[in-house]
Amino acid sequence: MRPLRFVPENTAIDFVANRWPAFTFTGLLFVVTIVSLIWPGLNLGIDFRGGILIEARAERTVDVAAMRGQLNDLGLGDVDIQGFGSDRDVLIRVQMQPGGEQAQTAAIETVRRSLGTGYEYRRVELVGPTVGQELLTAGIVATVLAVIAIALYVAFRFEWQFGVAALIATFHDVFTTVGLFAVLQLEFDLTAVAALLTLAGYSINDTVVVFDRMRETMRKNKTMPLRDVINLSVNQTLSRTIMTSATTWIAILPLLIFGGAALANFTWAMTWGIFIGTFSSVYIAASILLYLPPIRRVSAEPKAEAAAPSQG
């Protein structure tokens, strides 16, 4: 039985020739990301800026607009209300109150009294500003270390040039995903950091497959120009790349539809990450090698093969 293929087996797309439009698109993404991080900036969640998070389920349909007006009259400052899941579920976010932990506890009780009976409180979280800043710093450090570790692994497994290309491509995917949060003003919280770390691992997966095929092609065709090696390798792995991306997105789709607000940031980040990770694996990662010092083309294996006849 022939394997399932999403593209013809003899595909011969000149990906290297199309690298400049791809680089231009990448440049625009970087500009948009940088500008959006300056203004309006990331919409930091309570995990990072501190505050109160209440998840509640009502006995009947919630009128979000009426509830927002009701809670805004309590004098608690910035209060954000968001429906999710069913029309009876609601997320209430209240800004950090001055006066320490006792003030936060009092604010929670004030919200509960205002809402009255008929609500089941499924989650009540309180995060202080100091803890939030520590979590933000830890999240940034974890993401940076993950990207560097991935690059070191690729450099160790292949050549250092591949490691540099993997570092740039993975950073490209993670950085533009952060830009997505800033542009759409999605809440950036610990779930978003988890999405970035997951995306970094997913992104390098397809890139390693392309690099492995390039190494195999170089061993078989030691005189083939690098440009042709890249095109041949990407075309040979293109069906696998598309199939992996499609099946991953199908797995994410139920979370996107039914996951509600709790998983919305994660699923949107992964949806974008699948697209941008596939794009970078096909157009960015391998093409970067054209601008690095030449890769060592001949390994010790051909020498051993050449010596074998002389022993006969």
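The values are calculated or read from the model by the stated rules, or taken from the named source; none is laboratory data. Computed from a prediction, not measured in an experiment: that's the story for all the values here. Cβ placement follows ideal geometry from the backbone for every residue including glycine, while neighbour counts extend to all protein chains displayed.
A few points about this structure:
- If you filter the stretch 81-125 down to residues that are of a type in the set (D, E, K, R) and outside any helix (DSSP H, G or I), you find that the one that is surrounded by the most Cβ atoms within 10 Å (Cβ to Cβ) is ASP89.
- Scanning the stretch 136-163 for residues that are touching a residue at least 24 places away in the same chain (Cβ under 8 Å) and in contact with a Leu (Cβ under 6 Å, 6 or more places away or on another chain) yields THR143, ALA146, GLN161.
- Considering the stretch 268-286, the residues that are buried (at least 24 other Cβ atoms within 10 Å of the Cβ) and not hydrophobic (A, V, I, L, M, F, W, C) include one that is farthest from ALA22 (Cα to Cα), namely GLY273.
Per-residue answers, yes or no, for (1) surrounded by fewer than 17 Cβ atoms within 10 Å (Cβ to Cβ); (2) free of Cβ contacts under 8 Å to residues at least 40 places away in the same chain; (3) within 30 Å of VAL282 (Cα to Cα):
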site: VAL16; (1), (2), (3): no, no, yes
site: ARG19; (1), (2), (3): no, no, yes
site: PHE30; (1), (2), (3): yes, no, yes
site: PRO40; (1), (2), (3): yes, no, no
site: ALA56; (1), (2), (3): no, no, no
site: ARG68; (1), (2), (3): yes, yes, no
site: GLY75; (1), (2), (3): yes, yes, no
site: ASP78; (1), (2), (3): yes, yes, no
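- For the stretch 139-148, the count of residues that are modelled with pLDDT of 90 or more, farther than 30 Å from LEU196 by Cα and of a type in the set (Val, Ile, Thr) is zero.
- Pick from the stretch 72-88, criterion more than 16 Å from GLY51 (Cβ to Cβ) and in contact with a helix residue (DSSP H, G or I) (Cβ under 8 Å, 6 or more places away or on another chain), ranking: modelled with the highest pLDDT: GLY83
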